[in-house]
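Asker: Sharing a structure with you now.
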Amino acid sequence: MRSRKNELHYNLMVLPGILILILFSIVPIYYAAMAFENFKPARGVAGSEWIGLENFTYMFQLPDSRQIFFNTIFLAVLKIIANLIVPLVFALLLNELRQRFMRRTIQTIVYLPHFLSWVLLATIFFDLFSLDGIANKFIGLFGIDPVLFYASNKWFPAIIVATDVWKEFGFNAIVYLAALTGINPVLYEAASIDGASRFRQLWHVTLPGVRTTIVLLATLALGNVMNANFDQIFNMYNPLVYQSSDIIDTYVYRVGLNDLQYSLATAVGLLKSVVSFILVVVSYVMASRFANYRIF
Amino acid sequence: MVGRDSLQNRIIDRTILTLLILVTLACLIPLLHTVAVSFSDKTAADAGQVLLTPIKPTTASYEKVLEDSKFFGAFLISVERVLLGGLLNFVLTIMMAYGLSKDSRQFRMRNVYMWFLVFTMLFNGGIVPWFMTIKSYGMLDSIWALVLPHAVQVFNVILLMNFFRNLPKELSEAAEIDGAGPWYIMTRLFVPLSLPAIATVTLFSIVFHWNSFFDGLVLMNKQEHYPLQTYIQTLVAQLSAQAMTSMSPEQLAQAMAVSNRTFNAAKIIISMIPILLIYPFIQRFFIHGITLGSVKE
Amino acid sequence: MKKMKLLTASLALALVLGACGNGSNGNGGGGNSSSANGGSNTASSNTGSNAAGDDGSSTAPQLSGDNLAYEKYNDPVTLNIGFKIPDDKLKDGDTNDNNIVSRYFESLTNIKVVHAWEAKGDDAFKQKVNLAIASDDLPDAVVVDRNQLRKLIDNDMLEDLTDSLDKYGSKLVKDIYASTEGRALADATFDGKVYGLPNVAIDADAPSLLWVRQDWLDKLKLPAPQTMDDVEKIAQAFVQQDPDGNGKNDTVGITGDKQVVYGQKPNPNGFDSIFSAFHAFPKNWIKDADGNIVYGSITPENKEALAKLADWYKRGLIDKQFALYKETQEPIVANKTGIFFGPWWMPYWPLADSVTNDTKAEWRAYAAPADASGKFVTHMAPVTDRYIVVRKGYEHPEAAVKMLNVFTRYERRQDNSADAKKLDDYAAETGVHIRNFYPFDLLLDYADAVVKRYNDVQQALEGKIDPNTFDPDTKLVYDFTVLDKENPKKNMDAWKPATAYAYGGKVLAETDMEKVYSVFYGMTRTMETKWTTLEKLENETFLKIIVGDLPLDAFDDFVAQWKQLGGDQITKEVTDAVNDK
């Protein structure tokens, strides 16, 4: 049987990757069993005392936990919303631009930040938002006193969201741009003949044309509600702004690596994984039901 | 009919162009500023006088970086990591994506594998279990600790898989009738037809490996083994958490002001160069690659 | 910034003391030294040395005391450590794990130090240790902090060092531990076993003394300050009676710092002593009258101290501008003030600058103000905060002790070999800090070093002891004191130690102080996230009450708010941590 033989080969193609995933993604979950233990390093995961959900209940009693869950979701949701709207507006504007060369150049530039690391960008922004940085020079033009952005719980979350949008909006616009080019030109011609202004064309032709894409992206973004971007925050935050920007991932990092509370840290991380996984499954089901879209 | 060249339209066009140029500038300013700082005189930079043009232009900081053997050691490790990791990603991604692009009638295990992939993408044990895993394989402090755990990039696999699935089915059916085996079809038919998508995922994997810093920080035992981004991260993280907790805002501001600004800026610019070199060549591919990969009809 | 200044000051101290490399070895290295530590120790170390023929000392099984402590292994012993990477740039192709310092200590001990891992910076080092603990993969020996020590003891991952220290510890190391009256080792002891070799910091840095311009005091015919009222009168006179005699009304009262209090190791201008005179100990964890653990900044006594300070500020007895200076020492250096608070080492900095600007300035230290019963009260600083620990099962736990012996001997300037001199020269030539390349980032000094040196120098000046028997550090202070006596204020490098010891050291030596120790140092988990906020709230409230931006009753609001913002939770965690021990 030909197809059976092919199937063997398909398995062979997939297996090396699956093996890697088992070694590096599944085995750690074995060690993550310490979330249910009073983990003693000398006894290992296998030998430590099993205490069930005690670490989890302890976690919910901590005054910190509410704060970090709130910070995570707050920052993530703000980012999701901004990262849906800003790229859309940008794509709509770019779509109206006729000069091909300008279009090309703009695209090349705005995609670039996506490819730069947070390690580098954090250093750059640190400089920009310092007391004598460009940001303070700029607001100084309007007679505003310098602000210590990085030390302010009021400003710092805004900076986190803004710099994230700055980095990603161009790249996120790609999908919108593709959807925009997919709109049938005949629709615009018909609208023109009807005497519709460009604004009306935007409202009646362009936006309906990308509506599915918007809904789809919004749905898929649901999976990111617990994800406020470790790389960014780890590189940008400092103790003065823990209150407003300490997120689950950074908390797990500090509690696990600085405070020796391995079990607690792992429990928090595990909870986040479970919630994320559920959210992704939900968004997948929703996407396939409402947008008739299958991720895979 | 409202012509495209009416006055109103031209005003709108101008406004849009202006807005877009402003947005583009906003993207460039932080980078231009860093370039300006890197070429500026140290005292001017430390005093925060540099905006977008260098003050008393000098290449002193670049000369200083050239003398920094640790920087170039780290640079080379990053290059090694990108080459090894990129190659592994390339091979594994194509193989997995092709296998999984078959539907479940041709490949019954496919959906099981798919959910497994999604599970591993979202579920992780956290830092400490991850560290213990790598340690138990005896890979600490070696380049393999940076490369092997990331040998499968699930997101890239899904992207390329969707691209494969959008290629006409008749293609492989015809080849099979001609007696071609799955490996032949994959390498001779699908790969050549998917260059935009493959270029895209390769760019992603190169960028991923070049930009990773955290695993280097936790898994490497010697500074000489740090990849570039880790090395830069430790340079910049001189204001330790402990130091900062005991500082008043004024002191913090002062500590922030007196840094190695020009030197660090030069390091940042040099670390960006590889990305800047590769990215424009692949850019023309990836718009095509991403859209086809993420939008499954 | 403040940390930096303190560091600069103590570095200056170390440098001055270190400049003398070839004094006589006051230690003698006698074989009978261990008897100093009590008969039982000697007994156990004798039996120990017989039983220990297997660890390389087979050639001389009868060795004991410092001969054993500094004995070189016959066969090389490997010691894996975790190493904190310094910023210093080595030369001649030396590396972090093979350099002039490491080669020297290896040549002394035959211990081959291997870096199992290295980390740059305090945080990274701490994380590496924590990961090593989590994965049960400790290097043979490593420096840990208080929390890590407790975790390791809880998990039974450490080698008992009681016997190793007892038998192989040098006289110097043991003497230094003894100088803390047992507090250093008690910190690392659990169930009667020593699990870590602690560092020892100088005790003298904790009390904040009152420094006064004696020449002004004499001019205005004022008595030496003792009570709160005395301090008040002097401040008032210094503000109003033109003590510097320039005919201008340009002198200020007591200077302050915007941080208000320092809490553990003060720098210039802290009001710590005002608070402790009211038995308030802000920034320290103390036991209240009922034995409950409380945070020292929220006790009602603070309110009295704040009331006093606010009153003084209002009347101009405290420099009106104290919160505005960029550098807190500005008015001192400019000789605008003749009265401020600061620890014993003030002459090193900033007083040397004050005297350089006005050679008439005669600064004296006083243990003032006293509390209501006439006693000077002060908070203390932790004597130790880090420990060398040895992995359970390591075959040569004594190797860590021997390493500690040799680098402490070098650090305390008691190593007079030609090779040690080479290290000094290397340091002088390259600017490399030798101590950064010790295998363990952990320094030992006599807890009572300052008082001891002061007493010794005084006795020598009176001819009661021969200064040539001094250890190099003390000898140096003696020489400088003599030099400055012959030619006062001529050589400021001599004036600094001479004055610091003669007046600062004197007060410490002669005052019967009530010393209050904090019951807890370190961090709890909630502190990690909340402490910065709480500390900011505290600092701002204290400062604002003093300068009159807030009424005194704002203190009560602060206490309520502090508790609610996580203070209660932290107090509970601290109580648990203390009771746990």
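The values are calculated or read from the model by the stated rules, or taken from the named source; none is laboratory data. Since the model is a prediction, treat every value here as computed from it, not as a measurement. Every residue, glycine as well, gets a Cβ built from its backbone with ideal geometry; the counts of neighbours run over all protein chains shown.
Asker: Residues that are of a type outside the set (V, I, T), more than 13 Å from every other protein chain (Cβ to nearest Cβ), out of contact with any His (no Cβ under 7 Å at 6 or more places or on another chain) and surrounded by fewer than 20 Cβ atoms within 10 Å (Cβ to Cβ): does segment C:137-145 have at least one?
Answerer: no
Asker: Restricting to segment C:102-141, count the residues that are part of a helix (DSSP H, G or I) and of a type in the set (D, E, K, R). Write out each step before concluding.
Answerer: Our first condition is that a residue be part of a helix (DSSP H, G or I); within segment C:102-141, this holds for C:102-109, C:122-134.
Remaining after also requiring of a type in the set (D, E, K, R): C:103, C:106, C:122-123, C:126, C:128.
Count: 6.
Asker: A follow-up question, please. Having 2 or more residues that are free of Cβ contacts under 8 Å to residues at least 40 places away in the same chain and either under 30 Å from B:I275 (Cβ atoms) or not aliphatic (A, V, I, L, M) (or both) is the bar; report the helices (runs of 4 or more DSSP H) wholly within segment B:70-186 that clear it. Reasoning before the result, please.
Answerer: Details: elements: B:110-122, B:127-136, B:143-147, B:154-166, B:169-177.
Passing ranges, in order: B:110-122, B:127-136, B:169-177.
Asker: Right, another one. So which residues in segment C:174-202 are assigned to a helix (DSSP H, G or I), out of contact with any Phe, Trp or Tyr (no Cβ under 6 Å at 6 or more places or on another chain) and of a type outside the set (S, T, Y), if there are any at all? Lay out the reasoning, then the answer.
Answerer: We begin by selecting, within segment C:174-202, every residue assigned to a helix (DSSP H, G or I); these are C:174-178, C:183-187.
Filter once more, keeping what is out of contact with any Phe, Trp or Tyr (no Cβ under 6 Å at 6 or more places or on another chain): C:174-175, C:177-178, C:183, C:186-187.
C:K174, C:D175, C:A178, C:R183, C:A186, C:D187, listed by residue number.
Asker: Mind listing whichever residues of segment C:298-340 are among the polar types (S, T, N, Q) and closer than 30 Å to C:L565 by Cα? Give the steps one after another, and end with the answer.
Answerer: Step one: filter segment C:298-340 for residues among the polar types (S, T, N, Q), giving C:299, C:302, C:321, C:328-329, C:335, C:337.
Result: C:T299, C:N302.
Asker: Looking at B:T43, B:T34, B:T58, B:T53, which is the one that is closer than 14 Å to B:F263 by Cβ and surrounded by fewer than 14 Cβ atoms within 10 Å (Cβ to Cβ)?
Answerer: On the way: B:T34 fails: surrounded by fewer than 14 Cβ atoms within 10 Å (Cβ to Cβ); B:T58 fails: surrounded by fewer than 14 Cβ atoms within 10 Å (Cβ to Cβ); B:T53 fails: closer than 14 Å to B:F263 by Cβ.
Unique residue meeting the criteria: B:T43.
Asker: Can you tell me which residues in segment A:56-75 are at pLDDT 85 or above and away from every other protein chain (no Cβ under 12 Å)?
Answerer: A:F56, A:T57, A:F69, A:F70, A:T72, A:I73, A:F74, A:L75 - these are the residues of segment A:56-75 that are at pLDDT 85 or above and away from every other protein chain (no Cβ under 12 Å).
Asker: Take A:T206 and tell me if it is crowded, with 16+ Cβ neighbours inside 10 Å and under 20 Å from the mean Cα position of the chain (by Cα). Explain how you work it out, then say what you get.
Answerer: Working: crowded, with 16+ Cβ neighbours inside 10 Å: yes; under 20 Å from the mean Cα position of the chain (by Cα): no.
No: the conditions fail for A:T206.
Asker: In addition: Any residue in segment C:67-89 that is under 15 Å from C:T109 (Cβ atoms) sitting within a Cβ distance under 6 Å of a residue that is among the polar types (S, T, N, Q) and not in a helix (DSSP H, G or I)? List the pairs, counting only those 6 or more apart or interchain.
Answerer: Note: pairs meeting the criteria are C:A69/C:S170; C:K72/C:N110; C:Y73/C:N110; C:P76/C:N110.
Asker: Just to verify a result, which residue in segment A:136-156, among those that are of a type outside the set (G, A, S) and surrounded by 19 or more Cβ atoms within 10 Å (Cβ to Cβ), is farthest from A:V241 (Cα to Cα)? Break it down stepwise before answering.
Answerer: So in segment A:136-156, the residues of a type outside the set (G, A, S) come out as A:136-139, A:141-142, A:144-150, A:153-156.
Those still in the list that are surrounded by 19 or more Cβ atoms within 10 Å (Cβ to Cβ) too: A:136, A:149-150, A:156.
On the way: A:N136: 19, A:F149: 10, A:Y150: 7, A:F156: 7 Å.
By that ranking, first place goes to A:N136.
Asker: Give the residue, chosen from B:F155, B:F190, that is crowded, with 20+ Cβ neighbours inside 10 Å, of a type outside the set (A, V, I, L, M) and more than 8 Å from chain A (Cβ to nearest Cβ).
Answerer: Being crowded, with 20+ Cβ neighbours inside 10 Å, of a type outside the set (A, V, I, L, M) and more than 8 Å from chain A (Cβ to nearest Cβ) holds for just one of B:F155, B:F190, which is B:F190.
Asker: Sticking with this one: Among (1) under 28 Å from B:Y231 (Cβ atoms); (2) in the same structural domain as B:H225 (by TED's automatic domain parsing); (3) of a type in the set (G, A, S), which single condition is B:G99 missing?
Answerer: (1)
Asker: Related question: Within the group A:I85, A:I68, which residue is surrounded by fewer than 15 Cβ atoms within 10 Å (Cβ to Cβ), assigned to a helix (DSSP H, G or I) and either of a type outside the set (D, E, K, R) or in contact with a helix residue (DSSP H, G or I) (Cβ under 8 Å, 6 or more places away or on another chain) (or both)?
Answerer: Working: A:I68 fails: surrounded by fewer than 15 Cβ atoms within 10 Å (Cβ to Cβ).
The unique qualifying residue is A:I85.
Asker: To continue, here is another question. Which residue, of A:V281, A:V285, A:V241, is part of a helix (DSSP H, G or I) and touching a residue at least 24 places away in the same chain (Cβ under 8 Å)? Quick ask: steps written out before the conclusion?
Answerer: Working: A:V281 fails: touching a residue at least 24 places away in the same chain (Cβ under 8 Å); A:V285 fails: touching a residue at least 24 places away in the same chain (Cβ under 8 Å).
Of the residues listed, the single one that is part of a helix (DSSP H, G or I) and touching a residue at least 24 places away in the same chain (Cβ under 8 Å) is A:V241.
Asker: Is it the case, given these coordinates, that A:A196 is within 10 Å of chain B (Cβ to nearest Cβ), touching a His at 6+ places or on another chain (Cβ under 8 Å) and aliphatic (A, V, I, L, M)? Spell out how you get there, then give the answer.
Answerer: Working: within 10 Å of chain B (Cβ to nearest Cβ): yes; touching a His at 6+ places or on another chain (Cβ under 8 Å): yes; aliphatic (A, V, I, L, M): yes.
Yes; evaluated as a whole, the condition is true for this residue.
Yes/no matrix, rows are residues, columns are (1) part of a loop (DSSP other than H, G, I, E, B); (2) hydrophobic (A, V, I, L, M, F, W, C); (3) crowded, with 17+ Cβ neighbours inside 10 Å:
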site	(1), (2), (3)
C:G270	yes, no, yes
C:P282	yes, no, yes
C:S297	no, no, yes
C:A307	no, yes, no
C:W349	no, yes, yes
C:G374	yes, no, no
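Asker: Scan segment A:103-124 and tell me whether some residue there is more than 11 Å from chain B (Cβ to nearest Cβ) and of a type outside the set (D, E).
Answerer: Taking segment A:103-124 and keeping what is more than 11 Å from chain B (Cβ to nearest Cβ), we get none.
Checked against the condition, which is being more than 11 Å from chain B (Cβ to nearest Cβ) and of a type outside the set (D, E), segment A:103-124 yields no hits at all.
Asker: Considering only residues of segment C:522-539 that are more than 10 Å from every other protein chain (Cβ to nearest Cβ) and part of a helix (DSSP H, G or I), which is surrounded by the most Cβ atoms within 10 Å (Cβ to Cβ)?
Answerer: Filtering first and then ranking leaves C:E538.
Asker: For segment A:33-53, enumerate the residues that are surrounded by fewer than 21 Cβ atoms within 10 Å (Cβ to Cβ), within 20 Å of C:L152 (Cα to Cα) and within 11 Å of another protein chain (Cβ to nearest Cβ).
Answerer: If the condition is that a residue be surrounded by fewer than 21 Cβ atoms within 10 Å (Cβ to Cβ), within 20 Å of C:L152 (Cα to Cα) and within 11 Å of another protein chain (Cβ to nearest Cβ), then A:N38, A:K40, A:A42, A:R43, A:G44, A:V45, A:G47, A:S48 are the ones that fit.
Asker: Still on this structure: Filter segment A:125-144 down to the residues that are among the small types (G, A, S) and facing chain B (nearest Cβ under 7 Å) and list them by number.
Answerer: Looking only at segment A:125-144, we keep the residues that are among the small types (G, A, S), and these are A:130, A:133, A:135, A:140, A:143.
Passing the criteria: A:S130, A:G133.
Asker: Continuing with this model, one more query. Restricting to segment C:407-442, what's the tally of residues that are under 21 Å from C:K72 (Cβ atoms) and part of a helix (DSSP H, G or I)? Explain how you work it out, then say what you get.
Answerer: Just the residues of segment C:407-442 that are under 21 Å from C:K72 (Cβ atoms), to begin with: C:407-412, C:414-423, C:434, C:437-440.
Now drop any that are not part of a helix (DSSP H, G or I), which leaves C:407-411, C:418-423, C:434, C:437.
Residues in segment C:407-442 being under 21 Å from C:K72 (Cβ atoms) and part of a helix (DSSP H, G or I): 13 in total.
Asker: Search segment A:245-267 for residues being more than 8 Å from every other protein chain (Cβ to nearest Cβ) and more than 18 Å from the chain's Cα centre (by Cα), and hand back the single one that is surrounded by the fewest Cβ atoms within 10 Å (Cβ to Cβ).
Answerer: Among those that are more than 8 Å from every other protein chain (Cβ to nearest Cβ) and more than 18 Å from the chain's Cα centre (by Cα), it is A:L264.
Asker: What residue, among those in segment A:209-244 that are over 30 Å from A:A122 (Cα atoms) and not aliphatic (A, V, I, L, M), is surrounded by the fewest Cβ atoms within 10 Å (Cβ to Cβ)?
Answerer: A:R211
Asker: With respect to the numbered conditions (1) facing chain B (nearest Cβ under 10 Å); (2) under 20 Å from A:T163 (Cβ atoms), which one is the sole condition not fulfilled by A:N224?
Answerer: With respect to (1) facing chain B (nearest Cβ under 10 Å); (2) under 20 Å from A:T163 (Cβ atoms), A:N224 is out only on (1).
Asker: Do we find that B:T53 is within 30 Å of B:I270 (Cβ to Cβ), touching a helix residue (DSSP H, G or I) at 6+ places or on another chain (Cβ under 8 Å) and not in a loop (DSSP other than H, G, I, E, B) in this structure?
Answerer: Working: within 30 Å of B:I270 (Cβ to Cβ): yes; touching a helix residue (DSSP H, G or I) at 6+ places or on another chain (Cβ under 8 Å): yes; not in a loop (DSSP other than H, G, I, E, B): no.
Here the answer is no, as B:T53 does not meet what is asked.
Asker: Working carefully through the options B:I198, B:I143, B:I177, B:I206, find the one that is touching an Asp or Glu at 6+ places or on another chain (Cβ under 7 Å) and more than 8 Å from every other protein chain (Cβ to nearest Cβ).
Answerer: Working: B:I198 fails: touching an Asp or Glu at 6+ places or on another chain (Cβ under 7 Å); B:I177 fails: touching an Asp or Glu at 6+ places or on another chain (Cβ under 7 Å); B:I206 fails: touching an Asp or Glu at 6+ places or on another chain (Cβ under 7 Å).
The unique qualifying residue is B:I143.
Every residue, every condition in (1) in the same structural domain as C:K336 (by TED's automatic domain parsing); (2) farther than 30 Å from C:A500 by Cα; (3) touching a strand residue (DSSP E or B) at 6+ places or on another chain (Cβ under 9 Å), yes or no:
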position: C:N147; (1), (2), (3): no, yes, no
position: C:G169; (1), (2), (3): no, yes, yes
position: C:R213; (1), (2), (3): yes, no, yes
position: C:D218; (1), (2), (3): yes, no, no
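Asker: When only residues in segment B:1-50 that are farther than 30 Å from A:A196 by Cβ and not in a helix (DSSP H, G or I) count, which is nearest to the other protein chains (Cβ to nearest Cβ)?
Answerer: Going through segment B:1-50, the residues farther than 30 Å from A:A196 by Cβ turn out to be B:25-50.
Those still in the list that are not in a helix (DSSP H, G or I) too: B:39-41, B:47-50.
On the way: B:F39: 15, B:S40: 12, B:D41: 15, B:A47: 7, B:G48: 3, B:Q49: 8, B:V50: 9 Å.
Checked segment B:1-50; the qualifying residue nearest to the other protein chains (Cβ to nearest Cβ) is B:G48.
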